[in-house]
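A.B. asks: Could you have a look at this structure, given as structure tokens, before my questions?
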Amino acid sequence: MRRYYPVLSIAGSDSSGGAGIQADIKTISAIGCYAMTAITAITAQNTTGVSAIQGIDPDIVRAQISTVWADIPPLAVKTGMLFSAPIIEQVAAELSQHFPLHLVVDPVMLSTSGSQLIAPDAVDCMVKLLFPMAEIVTPNISEAYALTGTHDFMQQALALRGMGCRNVLLKGGDTDSTDFKTDYLLLENSCELMPLKSDAINTRNTHGTGCTLSSAIASYLALGMDMTEAVSRAKLFVVRGLRSGASVAIGHGHGPMNHLYAPRHMKFQNHHHHDHNNQ
């Protein structure tokens, strides 16, 4: 029997389709993996901002994860907007039952439009409970500063690793640089920041880039790539999606990127492909 490559996203819904769970489903699918979801919150939002948020009952969030896992165990998991401390506690409790090989934690705190997406006490909870399980954490500039209290990239990366994250990706997409955007990757056994450059795309259609990147990393890890390759490929996916959607008129604010610029067919595992020992 053939099998898909299942990837689970635990995140909030974006009614306008550009970020959150919707971006995750599109990204995972476009890369050729099988997307599954546990929805943590419903947002009423569009490209100009978030007008309302309703958190989902923490028990229901946990039930989504446990029920999916009982039937289709994911090869990789990505967390996005987790909304509240009680939700994070349930997510962490459930994930610790399964200890996923690949857990990508995107420590979502603010939306592209600047809306606060997480309660302050929830941040401490995320650091304490989820970071120690994370294979990689992917903060943007403002999140990295909020988590570490320093603007120095190396100190940020080391501080985040000190919180239990094995690998750290510091995203530089929000800088004012107009030629290149540089992200910095600190690998598990390394003391050096690896700069990862990509073309800066001149567009306001940047809604959902962080969600997309973390889902792409999770998908490539599920497919068996090592961390450096998974992050590099994920960055390329985002840049190409941004470039493809750059001049599209959609919405009156920060529009979405084009996730489906070159969708892949669904990939199938062959029996020998996913060897958990070669990571």
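A.B. asks: Looking only at residues in region 227-244 that are out of contact with any Ser or Thr (no Cβ under 7 Å at 6 or more places or on another chain) and of a type in the set (Gly, Ala, Ser), which one is farthest from Lys171 (Cα to Cα)?
C.D. replies: So, considering only residues that are out of contact with any Ser or Thr (no Cβ under 7 Å at 6 or more places or on another chain) and of a type in the set (Gly, Ala, Ser), the one farthest from Lys171 (Cα to Cα) is Ser244.
A.B. asks: Residues in region 169-224 that are over 15 Å from Glu143 (Cα atoms), among the hydroxyl-bearing types (Ser, Thr, Tyr), in contact with a helix residue (DSSP H, G or I) (Cβ under 8 Å, 6 or more places away or on another chain) and not in a helix (DSSP H, G or I): how many?
C.D. replies: 3
A.B. asks: Oh, and also: Just checking, which of Phe180, Phe268 is of a type outside the set (Asp, Glu), at pLDDT below 90 and surrounded by fewer than 17 Cβ atoms within 10 Å (Cβ to Cβ)?
C.D. replies: On the way: Phe268 fails: at pLDDT below 90.
It is Phe180.
A.B. asks: Separate question: Out of the residues in region 170-214 meeting the condition of being of a type in the set (A, V, I, L, M) and in contact with a Lys or Arg (Cβ under 9 Å, 6 or more places away or on another chain), tell me which one is nearest to Val105 (Cα to Cα).
C.D. replies: Let us first name the residues in region 170-214 that are of a type in the set (A, V, I, L, M), namely 170, 185-187, 193-194, 196, 200-201, 213.
If we keep only those that are in contact with a Lys or Arg (Cβ under 9 Å, 6 or more places away or on another chain) too, we end up with 186-187, 196, 200-201, 213.
Values: Leu186: 15, Leu187: 15, Leu196: 19, Ala200: 24, Ile201: 25, Leu213: 11 Å.
Per the criteria, the residue is Leu213.
A.B. asks: Among residues belonging to region 75-113 that are over 19 Å from Ser13 (Cβ atoms) and in a loop (DSSP other than H, G, I, E, B), point out the one that is modelled with the lowest pLDDT.
C.D. replies: Per the stated criteria, the residue is Phe99.
A.B. asks: Can you report the number of residues in region 118-168 which are in contact with a strand residue (DSSP E or B) (Cβ under 7 Å, 6 or more places away or on another chain), of a type in the set (A, V, I, L, M, F, W, C) and in a helix (DSSP H, G or I)?
C.D. replies: Total satisfying the criteria: 7.
A.B. asks: Scan region 1-47 for residues that are of a type in the set (A, V, I, L, M), in a loop (DSSP other than H, G, I, E, B) and surrounded by fewer than 24 Cβ atoms within 10 Å (Cβ to Cβ) and jot them down.
C.D. replies: Here is the first cut: in region 1-47, the residues of a type in the set (A, V, I, L, M) are 1, 7-8, 10-11, 19, 21, 23, 25, 28, 30-31, 35-36, 38-39, 41-42, 44.
Going one step further and asking which of them are in a loop (DSSP other than H, G, I, E, B), we end up with 1, 19, 31.
Hit for region 1-47 is Met1, nothing else.
A.B. asks: Just one of (1) closer than 16 Å to Thr43 by Cα; (2) among the β-branched types (Val, Ile, Thr); (3) touching a residue at least 60 places away in the same chain (Cβ under 8 Å) trips up Ile56, so point out which.
C.D. replies: Of (1) closer than 16 Å to Thr43 by Cα; (2) among the β-branched types (Val, Ile, Thr); (3) touching a residue at least 60 places away in the same chain (Cβ under 8 Å), only one is false for Ile56: (3).
A.B. asks: Also: Of the residues that sit in region 48-74 and are hydroxyl-bearing (Ser, Thr, Tyr) and assigned to a helix (DSSP H, G or I), which one is surrounded by the fewest Cβ atoms within 10 Å (Cβ to Cβ)? Spell out the reasoning first.
C.D. replies: Residues of region 48-74 that are hydroxyl-bearing (Ser, Thr, Tyr), as a first pass: 48, 51, 66-67.
Cutting the leftovers down to assigned to a helix (DSSP H, G or I) gives us 66-67.
Working: Ser66: 15, Thr67: 11.
That would be Thr67.
The values are calculated or read from the model by the stated rules, or taken from the named source; none is laboratory data. The shown structure was predicted, so the numbers you read here are calculated from the model rather than taken from an experiment. We place every Cβ from the backbone using ideal geometry, glycine too, and count neighbours over all the protein chains shown.
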